[in-house]
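Everything below concerns the one structure shown next.
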Amino acid sequence: MTATNSADPPNTQRSLETQAAPGRFPAHPGDIPASEFRRAMHRAADLMADYLERVQDYPVLPRIAPGDVRRRLPSAPPQEPEPLDQILDDYRQLIEPNTTHWNHPGFMAYFAVTGSGPGIIGEALAGALNVNAMLWRTGPAPTELEEHACDWLRQMLGLPPEFRGHINDTASVSSLVSLAAAREYATDLDIRRRGMAGRPDLPRLTLYCSDQAHSSIEKAAITLGFGLDNLRRIETDQAFRMRIDLLEASLAADKAAGCRPVAVVATVGTTSTTSVDPLREIAAIARRENLWLHVDAAYAGAAGICPEFRPLMDGLAEAHSIVTNPHKWLFVPVDCSLLLVRDPDLLRRAFSIVPDYLTTTESGVTNLMDYGVQLGRRFRALKLWMVLRAFGVRGLQERIRYHCTLAREFAAWVESQPGLERFAPVPFSTVCFRAIPPGTPEQQDRFNERLLAAVNAVGPVLLSHTKLRGRYVLRLTVGNLRTTRAHLEQVQRLIAQAHRQQLEAL
């Protein structure tokens, strides 16, 4: 793909070293010299490439105690400039070894992520441009690239063209923005102008989600003034999906009590089990009750780029808003959360504030500040665009399919092991499982806690846990670009060994 520029940089040899006086800095107090920056960036590139090549040589969790890093830092900032080489030396010795290595192929906790090479390059270039794309004028290329890259991903997910996307930092903010739009969707409430406090005409406004919905929905309810008492967490079925009958019952009870249902949140890929709520049935209820339907597909939405996974998400296109995070399973460095909205004008109605100092003369352009709570917006679209181009749709599909294959193979291994059980379906690349030793449920929970601690203490892998139906359950997620079948086999050996040792200790 060849890029064309409407205005090439002027043909000038200006540099940061212009008018430099003898010594390290220019005569005026500006940035470091360009030559010094260039040398440091070459070394930084080598540091990053070396790290990605040998990240698996580290334990996933650093073997340090709280406060260890800070104790090695000077108590006061330096009064005089320090050489970049010295700073990079300290990075290499103090920071890199003492972080939790999310880019490690053995990181299988939470939702595994990867900062891929193309995405890291995009992040670095965005840092150099240092754009604040709040208005089209303040970031023409970043604004238009964001719209375009989001539309590419919309096409990859098979969603209709009326969905329009923009990028937030995380799904927590994307869901917050969406539920603010839900209040605006209920036009008779006039929340933007009159607020919610002290209004005798305003009934209790209620939201609905499953008991497996992410905690960010609770935080959005708090932040937006709905309150936790007005968030209905609907019980799930045996596959951890929202029960439609209980959603209907909750809606009926709230309306009978004089409440005003506003929105329902369905999940594609719940955090604990990656279950998928019955979207089409929920969408039908939302349409009948005139509710805003927001779909949290932060993790599993990426699987929708593979046509064979789309039947699991039947009804997704009926949503008013959808969030999916390219920084989770599309190998874009954190942070990059895509919010797709069917009617972006609702976001403008909810959020657009244009003071005199932000007024511009361009017409027919997008000003991204109008679509959420942020004014300043960094150039996240660059890394997304570079990842989509560097891997291509087919390459991304191949990697997601491979991860799901590895997860299914691990689930089959769990099912074949005496004393282990799979605890939830495996629709994507996350497996929930636990040991079932002799004893009471509480004793089994403690056994599983010890089992997880023993596996993680070895170093080459990191698993996480959750609670399902009140029981302590282990979670393994495959999502890192560098994870291979050999890493899963290593996990199996570590689990089998720790399981045997824990049984012998009973």
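Since every read-out is calculated from the coordinates, none of them should be taken as a lab result. What you are looking at is a predicted structure, and each value in this text was computed from that prediction instead of being measured. Virtual Cβ from ideal backbone geometry, glycine too; neighbours counted across all protein chains shown.
Just report the Cα centroid separation between the stretch 112-155 and the stretch 46-111, whole Å.
26
For the stretch 35-102, what is the charge dipole size about the Cα centre, in debye to the nearest 20, if Lys and Arg each add +1 at the Cβ and Asp and Glu each add -1 at the Cβ?
220
Output wanted: per-residue J couplings in Hz (rounded whole) for the stretch 303-308, from phi through Karplus 6.51 cos²θ - 1.76 cosθ + 1.60, θ = phi - 60°, x for Gly and Pro.
Rounded to whole hertz, the list is 5, x, 6, 9, x, 5.
Can you tell me, using C-alpha contacts under 8 Å and at least 6 residues apart, the relative contact order of the chain as a whole percent?
This gives 19 percent for the chain.
Please give the peptides 191-198, 373-380 ranked by average Cβ packing (other Cβ atoms within 10 Å per residue), highest first, as a rough proxy for protection.
The densest-packed peptide leads the list: 373-380, 191-198.
Using the Kirkwood formula on the Cα atoms of the stretch 118-221, what hydrodynamic radius do you get, in angstrom to one decimal?
17.1
Using θ = phi - 60° and the Karplus form 6.51 cos²θ - 1.76 cosθ + 1.60, what ³J(HN,Hα) does each residue of the stretch 183-188 get, whole Hz, x for Gly and Pro?
Couplings: 5, 6, 4, 7, 4, 6 Hz.
Would you mind ranking 125, 368 so that the residue whose beta carbon has the fewest other beta carbons within 10 Å leads the list?
Listed from fewest to most nearby Cβ atoms, that is 125, 368.
In the P(r) worked out for the stretch 279-325, what percent of Cα pairs fall beyond 14 Å?
Taking all Cα-Cα pairs of the stretch 279-325, the fraction more than 14 Å apart is 48 percent.
Run the Debye formula on the Cα coordinates of the stretch 176-258, all scatterers equal and no solvent, and tell me log10 I(q)/I(0) at q = 0.14, 0.17 1/Å.
Once normalised to I(0) and log-transformed, intensities are -0.52, -0.75.
Tell me which aspartates and glutamates have Cα within less than 13 Å of residue 467's Cα, excluding those fewer than 8 residues away on the same chain?
211, 442, 445, 449
Students often check this: by mean Cβ neighbours within 10 Å, which of 258-267, 345-354, 68-77 ranks highest, and how do the rest follow?
Answer by packing, highest mean first, reads 258-267, 345-354, 68-77.
List the relative contact order of the stretch 94-239 as a percent without decimals, with contacts defined as Cα pairs under 8 Å and 6+ residues apart.
13 percent.
What is the Cα coordinate range of the stretch 35-102 on the first, second and third principal axes, sorted by size from largest, in whole angstrom?
The Cα atoms of the stretch 35-102 stretch 35, 32, 13 Å along their principal axes.
Ranking request for peptides 473-485, 422-434: highest mean number of other beta-carbon atoms within 10 Å first, then the rest in descending order.
Per-residue Cβ counts within 10 Å, averaged per peptide and sorted highest first, yield 422-434, 473-485.
For the stretch 142-282, give the magnitude of the charge dipole about the Cα centre (Cβ charges: +1 Lys/Arg, -1 Asp/Glu; no others), in debye to the nearest 20.
In debye, rounded to 20, the stretch 142-282 gives about 420.
Using the C-alpha atoms of the chain, what convex hull volume per residue, in cubic angstrom, is computed?
So the per-residue hull volume is 197 Å³.
Taking the Cα centre of the chain as the origin, how large is its charge dipole in debye, to the nearest 20, when only Lys and Arg (+1) and Asp and Glu (-1) carry charge on their Cβ atoms?
Its charge dipole is roughly 600 debye.
Using 0.36 nm per residue, how much length does the chain from residue 253 to residue 393 gain when fully extended, once their Cα-Cα distance is taken away?
Working it through step by step, the gained length comes to 45.8 nm.
Would you grab the residues whose amide H sits under 5 Å from the one on residue 232? Only those 5+ places off in sequence or on another chain, please, with H modelled 1.01 Å from N.
207, 208, 209
Quick one: Kirkwood hydrodynamic radius for the stretch 124-388, alpha-carbon pairs, angstrom, one decimal?
About 18.9 Å, per the Kirkwood formula over Cα pairs.
Provide 328, 255, 467 in ascending order of the number of other Cβ atoms located within 10 Å of each residue's Cβ, fewest first.
Final ranking by Cβ density, sparse to dense: 467, 255, 328.
Note down, for the stretch 348-506, the three equivalent ellipsoid semi-axes (square root of 5 times each alpha carbon gyration tensor eigenvalue), biggest first, whole angstrom.
Equivalent ellipsoid of the stretch 348-506: 46, 21, 13 Å, largest first.
Run through the DSSP bridge list for the stretch 124-388 and note the antiparallel percent, rounded to the nearest 5.
Within the stretch 124-388, antiparallel bridges account for around 40 percent of the total.
Would you mind telling me the antiparallel percentage of the DSSP bridges in the chain, rounded to 5?
60
Which whole-number percentage describes the relative contact order of the stretch 124-388, with Cα contacts under 8 Å and a sequence gap of 6 or more?
27
Over the stretch 187-328, what per residue volume does the convex hull of the Cα atoms give, in whole Å³?
Cα convex hull per residue, to the nearest whole number: 118 Å³.
Arrange 306, 209 by Cβ neighbour counts within 10 Å, fewest through most, would you?
306, 209
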